[in-house]
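Contents: one structure, followed by commentary.
The values are calculated or read from the model by the stated rules, or taken from the named source; none is laboratory data. Quick caveat, the model's predicted, so the values are computed rather than measured. A quick note on method: Cβ atoms are made from the backbone with ideal geometry, for glycine too, and the neighbour counts reach across all protein chains shown. For the accessible areas, the whole protein counts, side chains as well, though only heavy atoms, and no ligand, DNA or RNA atoms are used. Shrake-Rupley method; radii C 1.70, N 1.55, O 1.52, S 1.80 Å.
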Amino acid sequence: MLKPASLVPAAMLVLLAPTLYGGTNKVPARLTQARYVALAYDLGDVMLSEAEAVSKPGRVTPEAREALNGVRDLIEKWGRYVITIRPAQAELLIAVRTGGRASLDAGVRIGGRRPGSAAAGSAATGSSYGLEVSSTGDMLSVYDASGGGAGAPLWREQRPGGFSGSAPTLFDDFKADVEGAAKHP
């Protein structure tokens with residue numbers, strides 16, 4: 001008969017086996033179980049759904065639109081997820097962010113008169129500043145969409161040219177990770 005003390009090493013081996021042989025799965029089960037996804041633009045300061053982008057076309061660059069359309073096509077070809085235009089119906093939110101450059105807008109106004117403001121000869125001062133900083137790499141992020149918005153991040157990868165070129169795309173990496181996780185839950 002085995003003594004309880006001799007079972008401790010065996011129990012430890014069973015508990016540590018996944019870590020010793022292949023590590024833990026970096027893909028949350030939510031990605032393999034979900035069915036409905038919504039697509040969005042990650043603008044850095046806000047997520048903009050496809051539907052919202054229609055009414056705010058100046059917020060989305062042509063490169064971002066091209067990237068999102070490419071991801072849409074790849075999801076449809078894959079067939080694992082169904083795309084919904086209503087984020088509240090989605091289980092996952094898949095967001096694209098294309099690499100950008102830093103830009104700065106600044107302006108200073110001293111003296112003079114603004115149209116429709118104080119009478120001529122009165123002093124007017126003012127300033128305007130703007131700053132946008134972004135990574136040069138493209139990024140694909142997948143979030144839990146509980147409540148219709150971006151919840152907890154579930155998967156994210158970033159690289160220069162991740163949505164273009166002949167090298168593997170960010171979406172290819174996402175697809176491979178989800179399919180690998182589905183095979184080895």
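Given q = 0.13, 0.28 Å⁻¹, what are the Debye log10 I(q)/I(0) values for segment 39-102, with equal point scatterers placed on the Cα positions and solvent ignored?
These q points yield log10 I(q)/I(0) values of -0.34, -1.38.
Please compute the per residue accessible area over segment 23-72 with all protein chains in place, 1.4 Å probe, rounded to a whole number of Å².
55
Starting from 0.36 nm per residue, how many nanometres of slack lie between A88 and R65 once their C-alpha separation is accounted for?
The A88-R65 span can extend by a further 6.1 nm.
Quick one: net charge of D144's neighbours, Cβ under 14 Å, K/R +1, D/E -1?
Around D144, the surrounding residues sum to +2.
Under 15 Å from the Cβ of G79, count the other residues' Cβ atoms, weight Lys and Arg +1, Asp and Glu -1, and hand me the total.
+2
If I model a spin label at Q158 and D173 as a point 7 Å from the Cα along the Cα→Cβ vector, what separation in nanometres do I get?
1.1
Excluding V54 itself, what net charge comes from residues whose Cβ is under 15 Å from its Cβ, given Lys and Arg +1 and Asp and Glu -1?
Net charge in that neighbourhood comes out at +3.
With each pseudo-label sitting 7 Å past Cα toward Cβ, what's the K56-T136 distance in nm, one decimal?
Label at K56, label at T136, 2.8 nm between them.
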